[in-house]
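Okay, so here's the structure we're looking at.
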Amino acid sequence: MWMRGRYNFLNLSRYGDHSEQSYRNNFEQPIDYLSFNIELIKHSRSKNIIIAFDPSYIPKSGKHTDHLGYFWSGLTGKALQGLEIAGWPP
């Protein structure tokens, strides 16, 4: 999907099929991403499935931060001091 400008509810209503308020109301509702992704994979997969996990790096300095260490930064191509995060629902 391509949109000119920022990705916000107003632009979604300009280029989409619903009103701005419809997008706002639907984005307020919680979604079970694990079930959503499982159903999406079931309906669009081939015989071969690859599972990938790509954590992100956040730069952070200091001596009192928990879990502070050296982690790989793909942007710089080297290990930097900071935190490693992953987007997994609680």
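Computed from the coordinates by the stated procedures, all read-outs in this text should not be read as laboratory data. Computed from a predicted model, the values in this text were never measured in an experiment. Note: ideal-geometry Cβ built from the backbone for every residue, glycine included; neighbour counts use all protein chains shown.
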Exercise. Please specify each residue of the range 15-37 satisfying the condition of being in a helix (DSSP H, G or I) and surrounded by 11 or more Cβ atoms within 10 Å (Cβ to Cβ).
Key: 15, 20, 22, 23, 24, 25, 26, 33
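Taking residue 46 as the residue in question, decide whether it is touching an Asp or Glu at 6+ places or on another chain (Cβ under 9 Å) and either of a type in the set (Gly, Ala, Ser) or touching a residue at least 40 places away in the same chain (Cβ under 8 Å) (or both).
No.
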Exercise. Spot the failing condition for residue 54; the list is (1) of a type in the set (D, E, K, R); (2) loosely packed, with under 10 Cβ neighbours inside 10 Å; (3) in contact with a helix residue (DSSP H, G or I) (Cβ under 8 Å, 6 or more places away or on another chain), and only one is missed.
Key: (3)
Self-check item: Flag if residue 82 is among the small types (Gly, Ala, Ser) and surrounded by 10 or more Cβ atoms within 10 Å (Cβ to Cβ)
Solution: yes
